[in-house]
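Readers should treat all values here as calculations from the given coordinates under stated rules, not as data from a laboratory. Note that this is a predicted model, so its numbers are computed, not measured. Quick reminder, even Gly has a Cβ in these numbers, built from the backbone with ideal geometry, and neighbours come from all protein chains shown.
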Amino acid sequence: MTRIMKNHESSEDYLERILMLQEKKGQVRSIDIVNDMNFSKPSISIAMKKLREGGMILMDSGGYITLTPTGRAIAEKIYSRHRLLEKVLVAIGVDPVKAEEEACHIEHDIDDDTYEKINAFYHKMLENKDPKE
């Protein structure tokens, strides 16, 4: 069970990273992921093959990676969670570097309902914040 969960988390991390790199660079190739994540070329190659076989990404003849609609939906969900969780952790006093690391772990395990409640709480907190602070 743990291995299945790790594979799921790993796939989400790759999809999220592809989305982030696409936003940053426009186009993404496997080597961009290698350089960004500091993983080996063979590891990234295996992961990209699994994502292709799972219908999460497409890769053209030039090696450029595109998220499928399913892959994009997962990537956007995880990336959105990551950004919010990181903001919440920083808002409660967690060091920004640690908050980024922790958000990366929490984003995969948090229940949808719990995430929505955190999201609502955070936005309500922002609405009620004194602008003089």
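Worth pointing out:
- The chain pair-distance distribution - Cα-Cα, 5 Å bins, rounded %: 2, 10, 17, 21, 18, 13, 9, 6, 3, 2, 0, 0
- Amide H contacts for residue 68 (H built 1.01 Å from N in the peptide plane; partners 5 or more residues away or on another chain; cut-off under 5 Å): 57, 58.
- Cα long-axis angle, helix 2-25 against the chain (0 to 90 degrees, to the nearest 10): 90 degrees
- Structure remark: mean-square fluctuation, Gaussian network model of the chain, C-alpha springs under 10 Å; the largest value among 75, 120, 47 belongs to 120.
- Listed residues 44, 92, 31, most fluctuating in the chain (Gaussian network, C-alpha, under 10 Å): 92
- Backbone N atoms of the stretch 25-53 closer than 18 Å to the 7 Å Cα→Cβ label point of residue 60 belong to residues 25-33, 52.
- For the chain, a Gaussian network of Cα nodes joined below 10 Å ranks 34, 97, 88 by mean-square fluctuation, and the top entry is 97.
- Helix 41-53 axis, angle to the chain major axis (alpha carbon atoms, nearest 10°): 90 degrees
- Computed over the stretch 2-73, relative contact order equals 29 percent, with contacts defined as Cα pairs under 8 Å that lie 6+ residues apart.
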